[in-house]
Amino acid sequence: MTERIREFLRSRNDEGPCLVVDLNVVKTNYHAFAKALPDTKVFYAVKANPAPEVLSLLAGLGSSFDTASVQEIEMVLAAGASADRISFGNTIKKERDIARAFALGVRLFAVDCKPEVEKVARAAPGSKVFCRILSDCVGAEWPLSRKFGCEPSMAADVLEHAHTLGLEAHGISFHVGSQQRNPHAWDRALASAAAVFRECGDRGINLAMVNLGGGFPTKYLKSVPTVKTYGSSIFRALRRHFGNRIPETIIEPGRGMVGNAGLIEAEVVLVSKKSETDDVRWVYLDIGKFGGLAETMDESIRYPIRTPRDGDATAPCVLAGPTCDSADVLYEKQPYELPVSLSIGDKVLIEGTGAYTATYSAVAFNGFPPLKTYHI
Ligand SMILES: *Cc1c(COP(=O)(O)O)cnc(C)c1O
């Protein structure tokens, strides 16, 4: 927790769980990415935290933006970034949304199949497209499914189709899985990307760009390598697969840009047992899966939690949220160690919650309001 967040929470006088994001940390993260990969453009993945304060800060620092909807595009424009700094990176778009993005000035689109290429060719003629390829996501704590991307062997056909329809076949993208703890995970995907570059080259289409995606981690309970380590590992992989013809590159950090900048303050509502002899306590917080902690799904992301009783003896407990949905349990398969002295009414601090929290919180499930947010 930063001193600024501590100070903010000390003087806070409203009620209920809240997320506080320190914008100075976001700024430091942006500079770390820019320095770790100096020849790579940063496209912040807006979905991780689309707060206007975050978007304006990054727009001011010179960042570009990866967006997934017309609404996100409008938010980025409102934050002061021009349309030439926006990529419409969702591979699943309505044709009328592509047309709207085009009218707003966006000229860079993601595709992963021929039908999507045809939509872009009709609604955004002459634009640049990049083809997303599948990646296995080994090493990622929040792996991505096969929902986005095509097999690398299909990518050249998709890009050739784009070329034939008058689009600019610009390059390849992939995502190595979110919270990717292995800095070498980009190597295999870059090998595939280089193969598509060669195949397209043989067909007379010269690709220019590789979109290295997101995946850069935030520190939760386990430590993670530095951004610098990721940068040098990615650069070595680029050299290995592209030799001295390294393409233009972009990265799309989401979690790594904002995760460690945020902290959620929550409260213990109840500590109980299911029987007199039960040796595992149930600890219920006033925030759960529907209040912003959706990434505890399958217990994938394990947040560090600090309590006013830290230092006292600890024991494992089941940690759950406050709603009347039985799925609203955060950690049960792998119980969470918390102080035995933890009591009803204690405030807890959930760290590393700047990404993928506030916008995941329900509108008012069970009457609980959406997560309050403060960007300071
Ligand atoms: C979500 C997303 C990202 C950000 O991923 P992180 O793992 O949070 O860095 C980047 N690119 C695309 C296309 C995404 O959908």
Exercise. Any idea what angle helix 227-242 forms with the longest principal axis of the chain, computed on alpha-carbon atoms, 0 to 90 degrees, nearest 10?
Worked result: 30 degrees
Problem set entry | the stretch 101-186 - percent of accessible surface contributed by carbon and sulfur, probe 1.4 Å | 53 percent
Problem set entry | Cα extents of the chain along the three principal axes, largest first (Å) | 73, 38, 36
Seminar exercise, completed: Taking Cα atoms only, helix 52-61 is inclined relative to the longest principal axis of the chain by an angle, in degrees rounded to 10, of 50 degrees
Seminar exercise, completed: Listed by chain and number, the lysines with an alpha carbon less than 25 angstrom from that of K94, same-chain partners under 8 positions apart left out, are K47, K114, K119, K128, K147
Exercise. In degrees between 0 and 90, to the nearest 10, how far off the longest principal axis of the chain does helix 186-202 point, with axes built from Cα atoms?
Worked result: 20 degrees
Problem set entry | Selection from A266, V26, V348 lying farthest towards where the dipole of the chain points positive, charges on Cβ | V26
Exercise. In the stretch 1-62, which trypsin sites (Lys or Arg not before Pro) fall in coil by DSSP and have 16 or fewer other Cβ atoms within 10 Å?
Worked result: R12
Problem set entry | Computed magnitude of the charge dipole of the stretch 23-259 (debye, nearest 20; Cβ of K, R +1, Cβ of D, E -1) | 520 debye
Exercise. Looking at C317, S127, F43, which one has the Cα that reaches farthest to the positive end of the dipole of the chain (charges on Cβ: Lys, Arg +1; Asp, Glu -1)?
Worked result: S127
Exercise. For T249, T359, what's the largest-to-smallest order of accessible area, 1.4 Å probe?
Worked result: T359, T249
Problem set entry | Residues of the chain: accessible area per residue with a 1.4 Å probe, Å² | 44 Å²
Exercise. Once the piece of chain linking S232 and M297 is laid out straight, how much longer is it, given 0.36 nm per residue of separation minus the C-alpha distance between them?
Worked result: 20.2 nm
Problem set entry | Test item: Cα-centred dipole of the stretch 260-375, Lys/Arg +1 and Asp/Glu -1 on Cβ, debye | 180 debye
For this session: Take the solvent-accessible surface of the protein heavy atoms, probe 1.4 Å, and return the percent of it on the stretch 191-239 that carbon and sulfur atoms account for.
Result: 54 percent
Exercise. Among the aspartates and glutamates, which fall within straight-line cross-link reach of K274, defined as a Cα-Cα distance under 20 Å, with same-chain neighbours fewer than 8 residues apart omitted?
Worked result: D286, D325, D328, E332, E337
For this session: Please name which of A364, F235, H184 has its Cα lying farthest along the dipole of the chain towards the positive end, using unit charges on Cβ (Lys, Arg +1; Asp, Glu -1) and the Cα centre as origin.
Result: F235
For this session: Can you pull the one-decimal nm distance between simple spin-label points at E74 and I92, each 7 Å off the Cα toward Cβ?
Result: 2.2 nm
Problem set entry | Top of A193, A99, A327 by mean-square fluctuation, Gaussian network on the chain, Cα under 10 Å | A327
Exercise. What percentage of the solvent-accessible surface of the stretch 260-375, computed with a 1.4 Å probe over protein heavy atoms, is contributed by carbon and sulfur atoms?
Worked result: 55 percent
For this session: Among the listed pairs K27/K372; K35/K222; K35/K289, give every one whose C-alpha distance is greater than 32 Å.
Result: K35/K289
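The values are calculated or read from the model by the stated rules, or taken from the named source; none is laboratory data. Bear in mind the structure is a predicted one, so any value in this text is a computation, not a measurement. Methodologically, a virtual Cβ is constructed for each residue, glycine included, from the backbone with ideal geometry; neighbour enumeration extends over all protein chains shown. To get the accessible areas, we keep the full protein, side chains included, count just its heavy atoms, and leave off ligands, DNA and RNA. Shrake-Rupley method; radii C 1.70, N 1.55, O 1.52, S 1.80 Å.
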